[in-house]
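The values are calculated or read from the model by the stated rules, or taken from the named source; none is laboratory data. In this text the structure is predicted, and so the values were computed from the model without any measurement. Heads up, the Cβs are rebuilt from the backbone with ideal geometry, glycines too, and the neighbour counts pull from every protein chain shown. Protein only, heavy atoms only, side chains kept; ligands, DNA and RNA dropped before computing areas. Shrake-Rupley method; radii C 1.70, N 1.55, O 1.52, S 1.80 Å.
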Amino acid sequence: MTAGTQIRLPAHLPHPFSPAGRADPYPAYDWLRSRAPVHHDVMSRLWLVTGHADCAAVLRDRRFSASAGQQGRARGEELPPSMLTTDPPDHTRLRAPGLLLLGPAAIASVAGGIAADVDDLLERLAGETVVDAVRQIGSPLSTSVFLRLFGLAESDRKVFEQLAQAASINLDPLAGPQVAALGRSAMSELSRFLDERRASAAPSPLTRFAADDRLTRAEMLGVLGLAVVGGWQPLAEAIGNALYWLLPRPRALAALREGGDESARTAMDELLRLEAPIPFTARVAVENVTLPGGEVPRGARVLAVVAAANRDPAVFDRPGELLLDRTPNPHLAFGGGPHFCLAAQLVRQTGAVLLARLAGRFPAASLADEKPAWAATLIPRRLRSLPVNLGDPASPPTDPGNLSSFWTDSGVPDFPTVDPDSLPTASHSLPADPGGGDAY
């Protein structure tokens, strides 16, 4: 396909960004990927990239600017400095201190506490019959993890979760002006909340990050805010999305229960492939670029639709099916290239521990609603709720252990990863620019 070529979906397939298409965008993605993996979309006025090879190229090629991609979606305000809003070399300078917050060593330092949080959460649920996995599992577990990463007290839980949830509206490009303004206000309050507590927080990744002198105060708060919005929300939603696929399949649940840590790690990658919380990321081409599937002109606003790339049959056998033992699994749910998600290990590891222990604690768990509703947001892709029938719980393990088996002795997560660089609400009308971006 040459630059400037346009294509329209057939009448029976709603546009994946339209209200009718958001619940199940995958048929449209499949149609577009098979016919025009790189094309200019007349409805959104963006270039959509849906093939795996093309998305991987966009994510790692520095001729596609993440900074310009984010500034282009700004709602009239200056975005705070962070890895999200910069390109190398500034991105690299910000990312190194950011590892103190969300890097492998940071996560390993709170691993045992995360395992205890998972066990405590499941024990509290044991007295329930039906629970909402979104409200009662995903969000509270994500909050517990971030309280540990930031060294915050249990008494900070309510305020932190309220601010994190409100600030995360910044992920949604469809949020109306008033809602977006509330999201910006919440982000400011969240930054102030964390800034006030970092001096008195218990020893934690946050206190180590705060002691680093490589960033200005504004940059430090920008990275802190991004860590929450790009980590807390995706972790919370990834759990609900994973259970949506896992619970209707008793054999998959049994395999996860019997497979141990390695099975859980592999399963979590597959569940992220099928239902990534961040379905696309925005870039701007700073010069003409030829991708495997077509040409992109200089100045083009591009969406790398990783949700479509993750179901590319050229890369994944039976791409629309859940294969818990799929390996290798070069999905792009965490992006790729310089902007590869800083919270990737956090989401993977916490999700794997939760799924493995939930499968053991509630072996008869199933969906209480066969057709749960997806939220109208484009980012993150999430469920409004996910009613789960827990069934009769099994006895809790006598030795719940911790996350040590998920890490090597060096403290680096022993999780199968793929180097991406090695790879070939608000509105009921379609927005002119659905935005998106490297929200991790």
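At a 10 angstrom cut-off on C-beta neighbours, averaged per residue, how do the peptides 250-260, 340-350 rank from highest to lowest?
The most tightly packed comes first, giving 340-350, 250-260.
Which FRET efficiency value, to the nearest 0.05, is calculated for Arg8 and Arg135 with the Förster distance at 30 angstrom and r the Cβ-Cβ distance?
On the way: r = 39 Å, r/R0 = 1.30.
E(calc), rounded to 0.05, equals 0.15.
Glu287 versus Asp212, label points 7 Å from Cα toward the beta carbon: distance in nm?
3.1
Using a 1.4 angstrom probe and counting only protein chains, how large is the accessible area of Met187 in Å², to 10?
40
Using 7 Å Cα-to-Cβ label points, what is the Asn389/Ser155 separation (nm, one decimal)?
So the two model labels end up 4.3 nm from each other.
For Ile169, Ile379, write out the residues from largest to smallest accessible area, computed with a 1.4 angstrom probe and no ligands counted.
Order by accessible area, largest first: Ile169, Ile379.
Please give me the summed charge of the neighbours of Leu94: other residues whose Cβ is under 9 Å from its Cβ, Lys and Arg +1, Asp and Glu -1.
Details: positive: Arg93, Arg95, Arg214; negative: Asp90, Glu219.
Every neighbour counted, the sum reads +1.
Which value, in Å² and to the nearest 10, is the accessible area of Val134 when all protein chains are kept and the probe is 1.4 Å?
Taking all protein chains as shown, Val134 has close to 20 Å².
7 Å from Cα along Cα→Cβ at both Asp195 and Asp90: what's the point-to-point distance in nm?
Placing both labels 7 Å along Cα→Cβ, they lie 1.9 nm apart.
When the convex hull of the Cα atoms of the range 298-387 is projected onto a plane and the area is averaged over all directions, what value comes out in nm²?
Projected over every direction and averaged, the Cα hull of the range 298-387 covers 8.7 nm².
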